Amino acid sequence: MKKLLSIIFLLSFTIAFSQQKAKIGMSLEEVKKLYPAAKESRYQQEVNLTIEDTLHGLGSAWGLNFKEDKLTWMMFNKYIGELSDANFKKCLKATKEIIADYTEWYGAPDETITGNQKYVDPYKKKHWGYDVLEARWKNANGEKMKVEFTFLGGKGEYQFLVVITHFQKDYPYYE
């Protein structure tokens with residue numbers, strides 16, 4: 001049983017850190033070699049790859065965008081529509097762990113924005129959603145990066161959203 005748990009732990013560790021392999025500026029072929037199971041789609045002059053991944057218990061996918069054969073941005077996002085204190089805490093914990101990973105790999109964030117880190121049930125206390133936690137790196141190995149957890153809300157619809165984005169360091173729309 002211990003051996004099985006060790007294997008599961010190692011596999012989850014490998015999966016959780018797979019996003020660290022691809023880097024902005026890599027060619028499409030370089031990235032496809034790293035992720036042979038990636039799904040490819042094309043639209044006009046752009047190529048997109050989708051890579052399934054699980055980060056600290058949040059299962060979703062990375063979207064990678066290529067222009068002129070170069071990786072220009074990457075994004076992982078996880079939406080959770082089932083509102084509960086447990087799901088809020090799951091997203092907050094995962095976000096903090098991802099920020100800790102990125103801090104280990106790229107150094108301290110240039111900016112950390114801490115919002116409301118408590119679950120507020122919008123059906124008991126009305127709100128339009130709120131920012132929970134965000135960390136930004138403005139030039140980490142030539143990339144702009146952001147890790148954020150937001151409680152989205154509006155018009156009676158609510159979701160938790162955890163997003164990780166990587167852009168070229170000169171990407172103008174970082175905020």
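A short reminder: the numbers here are calculations on the coordinates, not readings from a lab. As the structure is a prediction and not an experimental result, all values here were calculated from the model. All Cβ positions, glycine included, derive from the backbone under ideal geometry; neighbour counts span all protein chains shown.
Residue exposure proxy: 143, 40, ordered by other Cβ atoms within 10 angstrom of their Cβ from fewest to most, comes out as 40, 143.
What ranking do 41, 60, 27 get, fewest neighbouring Cβ atoms within 10 angstrom at the top?
Numbers: 41 10, 60 18, 27 13.
Placing the least packed residue first, the sequence is 41, 27, 60.
When only the Cβ of Lys, Arg, Asp and Glu is charged (+1, +1, -1, -1), the dipole of the stretch 2-168 relative to its Cα centre reaches about 400 debye.
In order along the stretch 49-56, phi translates into HN-Hα couplings of 10, 10, 10, 5, 7, 10, 10, 6 Hz, rounded to whole numbers, per the Karplus curve 6.51 cos²θ - 1.76 cosθ + 1.60 with θ = phi - 60° and x for Gly and Pro. Largest mean-square fluctuation among 21, 144, 155, in a Gaussian network model of the chain whose springs join Cα atoms under 10 Å apart, belongs to 155. As an equivalent ellipsoid, the chain spans semi-axes of 28, 21, 17 angstrom, where each value is the square root of five times an eigenvalue of the C-alpha gyration tensor, largest first.
Between residue 30 and residue 42, the distance separating the two model label sites (each 7 Å from Cα on the Cα→Cβ line) works out to 2.2 nm.
Fully extending the segment from residue 65 to residue 139, taken as 0.36 nm per residue of separation minus the present Cα-Cα distance, adds 24.7 nm. The fewest-to-most ranking of 80, 113, 99 by surrounding Cβ atoms within 10 Å reads 113, 80, 99.
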